[in-house]
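The values are calculated or read from the model by the stated rules, or taken from the named source; none is laboratory data. Please read all numbers here as calculations on a predicted model, not as lab measurements. Cβ: placed from backbone, ideal geometry, glycine included. Neighbour counts: every protein chain shown.
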């Protein structure tokens, strides 16, 4: 793992997800409080292992992916990162945090670091993020880090907002 892939904020440390994070990821992605509203919903252990394998490959192939987010003292808070969307909308910023870690600006700090990495290190010109219209917490994070609503679509009768951040870059 490249040290360039590790990021440190004022209150957190982010490292590319790896097999050492499996148990934390199984708990996070298996918890309905965190993943019920996510695309694909709550995941079981096998699905989490399959996703983790893909995320590890992404780091090696693309130089970006998902980070495990921990407090400076090591407590696992959640995940954030950059992933290619299957729907063709491009590279997306994603994040999911334990409910106990919400409301302190940690998601904004982590997502902001991931967004900056995507533009400045990975060279991505455009990064998107998708949030349900009713998900005010995610919308606040995305707007707070400078992303703006670029389009909308409907998924499962829910209005989804596509946020975008565009800067000079060499990638998609």
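Annotations for the structure displayed:
- Residue list for the range 140-153, restricted to those being within 23 Å of residue 7 (Cα to Cα) and outside any loop (DSSP other than H, G, I, E, B): 140, 141, 142, 143, 144
- Pairs linking a residue in the range 19-30 that is surrounded by 14 or more Cβ atoms within 10 Å (Cβ to Cβ) to a residue that is part of a helix (DSSP H, G or I) and at pLDDT 95 or above, with Cβ atoms under 6 Å and 6 or more positions apart or on different chains, are 25/48; 26/45; 26/48; 29/48.
- Selected residue (only one of 158, 135 is within 15 Å of residue 38 (Cβ to Cβ) and loosely packed, with under 13 Cβ neighbours inside 10 Å): 158
- Hits in the range 67-91 (condition: closer than 20 Å to residue 166 by Cα and within 12 Å of the chain's Cα centre (by Cα)): 80, 81, 82, 83, 84, 85, 91
- Given (1) modelled with pLDDT of 95 or more; (2) surrounded by 15 or more Cβ atoms within 10 Å (Cβ to Cβ); (3) more than 23 Å from residue 32 (Cβ to Cβ); (4) over 14 Å from the mean Cα position of the chain (by Cα), number of the condition residue 118 does not satisfy: (4)
- Condition broken by residue 137, with the remaining ones in (1) closer than 16 Å to residue 96 by Cβ; (2) at pLDDT 95 or above; (3) in a helix (DSSP H, G or I) satisfied: (2)
- Residues that are closer than 24 Å to residue 122 by Cα and touching a strand residue (DSSP E or B) at 6+ places or on another chain (Cβ under 6 Å) within the range 17-32 comprise 17, 21, listed in sequence order.
- Meets criteria (under 28 Å from residue 157 (Cβ atoms), in contact with a helix residue (DSSP H, G or I) (Cβ under 9 Å, 6 or more places away or on another chain), at pLDDT 95 or above and surrounded by fewer than 17 Cβ atoms within 10 Å (Cβ to Cβ)) for residue 111: no
- Search result, residues across the range 31-48 that are touching a helix residue (DSSP H, G or I) at 6+ places or on another chain (Cβ under 9 Å), surrounded by fewer than 15 Cβ atoms within 10 Å (Cβ to Cβ) and in a helix (DSSP H, G or I): 33, 45
- Where residue 78 falls short, out of the listed (1) assigned to a helix (DSSP H, G or I); (2) closer than 16 Å to residue 24 by Cβ: (1)
- All conditions but one from (1) in contact with a strand residue (DSSP E or B) (Cβ under 7 Å, 6 or more places away or on another chain); (2) in a helix (DSSP H, G or I); (3) more than 16 Å from residue 35 (Cβ to Cβ) apply to residue 107; the one that does not is (3).
- Residue within the range 56-77 that is free of Cβ contacts under 8 Å to residues at least 12 places away in the same chain and in contact with a helix residue (DSSP H, G or I) (Cβ under 8 Å, 6 or more places away or on another chain) present: no
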